[in-house]
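Okay, handing you the structure first.
The values are calculated or read from the model by the stated rules, or taken from the named source; none is laboratory data. Bear in mind the structure is a predicted one, so any value in this text is a computation, not a measurement. Heads up, the Cβs are rebuilt from the backbone with ideal geometry, glycines too, and the neighbour counts pull from every protein chain shown.
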Amino acid sequence: MYVCPVCGKKLKRHEKSWHCQNGHSFDIAKKGYVNLLTTAGRNPRNSGDNPQMVKARTEFLDRGYYTPLAEKTADIMSELVKNIDRPVIIDSGCGEGFYTSAYAKRLGKCSFWGIDISKTAVAHCMTRVHTENIVNCQFAVASSFSLPFKDKFADIIVCTFAPVSNDEYARKLKDNGRLVVVSPSPRHLFEMKSVLYDMPYENKPNVYGLNKFDLTDETFLEYTVRLETKEDICSLFAMTPYFYKTSEAAAKRLNTLEYLDITCGFVIQTYTKKRGF
Ligand SMILES: C[S@@+](CC[C@H](N)C(=O)[O-])C[C@H]1O[C@@H](n2cnc3c(N)ncnc32)[C@H](O)[C@@H]1O
Ligand SMILES: [Zn+2]
């Protein structure tokens, strides 16, 4: 259940808004999500993915190239919740909802709570759940560093290519709760970088400083796919950070390709919250 981002009290839903006992109220948007970012909580330097990135991500993900990742992560979470009665899972930095809705369909007994700082992304999550008739997901605009849930709310927090918060995730997970972090493997998209850069580098492992957690499992998933159209190549490029860091000449090289074989490589890490946090 949500808590008030201003005073921390429980939020109750009443018709088209969520409100707390201290009179703070948050309207539910027409699409069905709630914006729980306070003015103070807004970060002028980070409003998350912009509409162009959200569109590119949706177009690319809907082509199914990353479906094996969604399935593998769902398998891992399914194992983690198998002895839990009504598991609660937060998808932190859920983006436009491709993974959240895939997980929700697969793990029907779980309730999913997706948050993202990008309003456009969260609005698209609602489109997904309405179109696909998914009932076990709720979405809010919020920050990963200030999750609008009571402490010890979740059995799992899953975080895919999105910011990771040691302190906040430890606070919002139940005792013995699990954190599932998906990040790129060293070879992820290497072939695309080889087109863009003279000296492409392998991705360095992310260092999250998760000292309130123990790493309890690490799964590598790597496969190659052929991006079959120029549109797919462009969508993938536009959803990566390279889009904003690449010269026009290099981007043009990519635009001339008819297809591109790429490595999709992921590391799925499972952490367990340490005792006492
Ligand atoms: C690379 S995208 C990944 C989205 C999604 N998990 C996926 O894999 O498709 C990173 C996401 O993190 C979101 N984001 C960035 N900073 C954030 C923050 N402080 N709190 C919550 N979300 C954030 C962005 O808006 C974006 O949707
Ligand atoms: Zn309040």
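From the residues in region 112-139 that are touching a strand residue (DSSP E or B) at 6+ places or on another chain (Cβ under 7 Å) and assigned to a loop (DSSP other than H, G, I, E, B), which one is surrounded by the most Cβ atoms within 10 Å (Cβ to Cβ)?
Restricting to residues being touching a strand residue (DSSP E or B) at 6+ places or on another chain (Cβ under 7 Å) and assigned to a loop (DSSP other than H, G, I, E, B), the top hit is 117.
Tell me which residues, restricted to region 26-59, are in contact (Cβ under 8 Å) with a residue 24 or more places away in the chain, more than 14 Å from ligand 2 (Cβ to nearest atom) and part of a strand (DSSP E or B).
The answer is 35, 43, 46.
Quickly run through region 11-25 and pick out the residues that are within 9 Å of ligand 2 (Cβ to nearest atom) and in contact with a strand residue (DSSP E or B) (Cβ under 6 Å, 6 or more places away or on another chain).
Quick first cut of region 11-25, residues within 9 Å of ligand 2 (Cβ to nearest atom) only: 11, 19-25.
Of everything in region 11-25, those that are within 9 Å of ligand 2 (Cβ to nearest atom) and in contact with a strand residue (DSSP E or B) (Cβ under 6 Å, 6 or more places away or on another chain) turn out to be 11, 19, 25.
Of the residues that sit in region 84-94 and are assigned to a strand (DSSP E or B) and aliphatic (A, V, I, L, M), which one is surrounded by the fewest Cβ atoms within 10 Å (Cβ to Cβ)? Let's see the steps before the verdict.
Looking only at region 84-94, we keep the residues that are assigned to a strand (DSSP E or B), and these are 88-92.
From what is left, the residues that are aliphatic (A, V, I, L, M) are 88-90.
On the way: 88: 21, 89: 25, 90: 26.
Looking at the filtered set, the residue picked out is 88.
Checking the structure you have, find out if any residue of region 75-83 is part of a helix (DSSP H, G or I), touching a Ser or Thr at 6+ places or on another chain (Cβ under 8 Å) and either assigned by TED's automatic domain parsing to the domain that holds residue 160 or buried (at least 19 other Cβ atoms within 10 Å of the Cβ) (or both). If you could, list the steps in order and put the result at the bottom.
Quick first cut of region 75-83, residues part of a helix (DSSP H, G or I) only: 75-80.
This time we only want the ones that are touching a Ser or Thr at 6+ places or on another chain (Cβ under 8 Å), so: 76, 80.
Now narrow it down to the ones that are either assigned by TED's automatic domain parsing to the domain that holds residue 160 or buried (at least 19 other Cβ atoms within 10 Å of the Cβ) (or both): 76, 80.
Yes.
Restricting region 14-60 to residues that are more than 13 Å from ligand 1 (Cβ to nearest atom) and among the acidic types (Asp, Glu), which is modelled with the highest pLDDT?
27
Looking only at region 17-58, filter to residues that are farther than 20 Å from residue 143 by Cβ and in contact with an Asp or Glu (Cβ under 6 Å, 6 or more places away or on another chain); which one of those is surrounded by the most Cβ atoms within 10 Å (Cβ to Cβ)?
For region 17-58, the residue satisfying everything is 58.
Name the residue, out of 154, 142, that is closer than 22 Å to residue 98 by Cα, near ligand 1 (Cβ under 10 Å from one of its atoms) and touching a strand residue (DSSP E or B) at 6+ places or on another chain (Cβ under 8 Å).
Every option except 142 fails the conditions.
A further question follows. Among the residues of region 64-74, which ones are crowded, with 17+ Cβ neighbours inside 10 Å and either among the hydrophobic types (A, V, I, L, M, F, W, C) or in contact with a Ser or Thr (Cβ under 9 Å, 6 or more places away or on another chain) (or both)?
So in region 64-74, the residues crowded, with 17+ Cβ neighbours inside 10 Å come out as 65-66, 69-70, 73-74.
69, 70, 73, 74 - these are the residues of region 64-74 that are crowded, with 17+ Cβ neighbours inside 10 Å and either among the hydrophobic types (A, V, I, L, M, F, W, C) or in contact with a Ser or Thr (Cβ under 9 Å, 6 or more places away or on another chain) (or both).
Would you say residue 98 is at negative phi and within 11 Å of ligand 1 (Cβ to nearest atom)?
Answer is yes for this residue.
Can you tell which of 174, 204, 245 is surrounded by fewer than 14 Cβ atoms within 10 Å (Cβ to Cβ), among the charged types (D, E, K, R) and within 21 Å of the chain's Cα centre (by Cα)? Don't jump to the end; show me each part of the working.
On the way: 174 fails: surrounded by fewer than 14 Cβ atoms within 10 Å (Cβ to Cβ); 245 fails: within 21 Å of the chain's Cα centre (by Cα).
Criteria check complete, one pass: 204.
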